[in-house]
1. At 10 °C and 1.306 mPa s, what whole-number value in µm²/s does Stokes-Einstein give for the translational diffusion of region 124-219, with Rh from the Kirkwood sum over Cα pairs?
2. Let me see the pair-distance distribution of region 197-282: every alpha carbon pair, 10 Å bin width, integer percents in order.
3. Quick check: residue separation of Glu360 and Tyr83 times 0.36 nm, minus the Cα distance between them. What number comes out in nm?
4. So if I place +1 on the C-beta of Lys and Arg and -1 on the C-beta of Asp and Glu, and nothing else carries charge, what would the dipole magnitude of region 69-205 be about its Cα centre? I want it in debye, nearest 20.
5. ³J(HN,Hα) across region 280-295 via Karplus (A = 6.51, B = -1.76, C = 1.60, θ = phi - 60°), whole Hz, x for Gly/Pro?
6. Note down the net charge around Ser346, summing +1 for each Lys or Arg and -1 for each Asp or Glu among other residues with Cβ under 12 Å from its Cβ.
7. With each pseudo-label sitting 7 Å past Cα toward Cβ, what's the Ile225-Met173 distance in nm, one decimal?
8. What nm distance separates the two modelled labels at Asn297 and His185, each placed 7 Å from Cα along Cα→Cβ?
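FYI, it's all coordinate maths here, none of it is from the lab. All figures in this text were calculated on a predicted structure; none of them were measured in a lab. Glycine gets a Cβ as well: all are built from the backbone with ideal geometry, and neighbour counts include every protein chain shown.
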Amino acid sequence: MLKLKKTNLILLLLLLLISYRWFLNKPSHYVSAELDDPPSSIQELYSVTKDTDPIYIIVFIGDGMGAEHRKAAQWVNVGFDGYLNMDSLPIHGWSQTASSNALITDSAAGATAIATGIRTNNGMIAMSPELVALKTVLEYAQERGLATGLVSTVQISHATPAAFASHVSSRTMMNEIALQLLENHVNVLLGGGEDEFLPYGSYGCFPEPGERLDGRNLLDEAGAIGYTTICTPEQLTALNTGETFNLIGLFGDEAMQRPYRPNLAEMTSTAIDVLKNDPQGFFLMVEGGQIDWASHNNDSLNAIQDTIDFDEAVSVGIDFVNSQPHATLIVTADHETGGMSLHLSSTGDSSEEGPFFSKEGIPFFVNWGTTGHTAANVPITALGEGGYLLDTTVPNTQIFWALTWQIFPKNYLPVLMK
Ligand SMILES: [Zn+2]
């Protein structure tokens, strides 16, 4: 802990008071990223004439997926000379992931930075450290008339999806997050987390009872306002996507269990098929949520397999975006987990696993440096106009601008540039 001198402490308190008053003086409930300095190259992006064509924005977040996770998945799936789908994208950069109160971020602050363009404290979901709600890219997309969707292999009320469509002071408030996801009318929610949608003690499709303490059955409520609700891979396959506009598919009590059924690519494909019914376009976030969990457990096999699964989902997104004139697709992570490193021979370290084998049959070993998150910059790869804001080393907040610039109306430019 840093020892502060008394005068420094007083200065710090004064600064906090001033910034708190600054937030109080804002006219809107929301604090938006336009209050910060936007990247200057937004101006160049805006100089391109836009028309009324639909806009498609997809962000893939591999939770905890660092460069070495991608390398291990590449070796296993396509070999030392091959390219993952996500690595074959034309734009490459790096994201610096620190949060506002820590050198090393957690998933809540990491996702908030990507979703809102503003850094916050670890644990907070689309709220500033002063507890002011921060408007998200998903909410801007809704204002512009775009359909919206969130897909994950963990609970859909978990930190990463939560930061795109809910505002709470703590990621642990998963009952409240589930309610806000529904109240904010996200069109497509696919993942785990049935228990957060059902009242305490009542049973749905999976073995464990619901956990909501307010007695509400959010799945019944969703059905009453026009959502199709499903809980099996067969129902997902049988869905008439051309006539489905609002969909909640929860495929587990909490996180989805391996092998994921449906898998992330299947969920991504269905999400796109439903969302593209909106003639104005859509915003979609897809999370490989358990890359992080496997890495916390130093479980190389599942960390690698989940990264390969995630890459298959990315290829579904690329196939769709490639046929669209106005689209941005971004693949990144909120942070690296585990300090993963790859070695060709065994070191005998107790945190080492292997041998694993590259596609060519070459053995390698995985070493883990920690069971926590690390400070490593994480790769960004991208396709489409907005991606060019990310072709270097950028703060994670810059990803928000790459996702969002297209959906701001043109007359928004003066606000952006002030
Ligand atoms: Zn994370």
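1. Rounded, D is 117 µm²/s.
2. 16, 43, 32, 8, 0
3. 98.3 nm is the gain from fully extending Glu360 to Tyr83.
4. That gives region 69-205 a dipole magnitude of about 360 debye.
5. Per-residue couplings from phi come out as 8, x, 8, 10, 9, 10, 10, 10, x, x, 9, 4, 5, 5, 4, 6 Hz.
6. Working: positive: none; negative: Asp349, Glu352, Glu353.
Its environment carries a net charge of -3.
7. Roughly 1.8 nm, to one decimal.
8. 4.0 nm
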